[in-house]
Amino acid sequence: MRDIPLQNVPNQRVETTIDGVSYAIQLRTVQNLTVADVYADGKLLKGGVRCVPGQRLIPYRYLTIGGNFFWYCLNGDYPYYTQFGVDQQLVYLSDAELANLNGAE
């Protein structure tokens, strides 16, 4: 599991390289929700994804490249920038970690 560092600002772009794949995640605050655009190696994988606690950020497995991103929110609230790094975090789990989590996928 890899923690993706976020700032407490409403709109931001986070870039990280994991297992040779360069990811960019554009987070935007829309009303009281956070939405994301996810890019891998410059290619848009999925745009306008509503961020939901405990759910995969890239909603379809065929779009993933070796893993996926998840929101961990201690209190179960939807991800919101004021809580990034406080009680909410974005993490990346590899396919192997996902298989262990799901009991072999």
*GNM, the chain, Cα, under 10 Å: largest mean-square fluctuation among Leu63, Leu74, Leu33?*
Leu74
*In debye, nearest 20, what is the charge dipole magnitude of the chain about its Cα centre with +1 on Lys and Arg Cβ and -1 on Asp and Glu Cβ, if you could check?*
340 debye
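Just check the range 36-105 against the gyration tensor rule for me: Cα atoms, a ≥ b ≥ c as the square roots of the eigenvalues, rounded for a/c under 1.5, and otherwise prolate or oblate depending on whether a/b exceeds b/c.
Note, shape of the range 36-105 comes out oblate.
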_I need the phi-derived Karplus couplings for the range 46-52: 6.51 cos²θ - 1.76 cosθ + 1.60, θ = phi - 60°, integer Hz, Gly and Pro marked x._
7, x, x, 6, 6, 7, 10
_At 222 nm, what value in deg cm²/dmol follows for the chain if DSSP H runs of at least 4 each add -39500 (n - 2.57) and the sum is divided by all its residues, to the nearest 500?_
-2000 deg cm²/dmol
*Mind giving me the FRET efficiency for Asn75 and Thr16? R0 is 22 Å, r the Cβ-Cβ distance, nearest 0.05 is fine.*
0.30
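The numbers here are math on the coordinates, done by the rules we state, and not lab data. Quick caveat: nothing in here was measured; it's all calculated off a predicted structure. Every residue, glycine among them, receives a Cβ derived from its backbone with ideal geometry; neighbour counts consider all protein chains shown.
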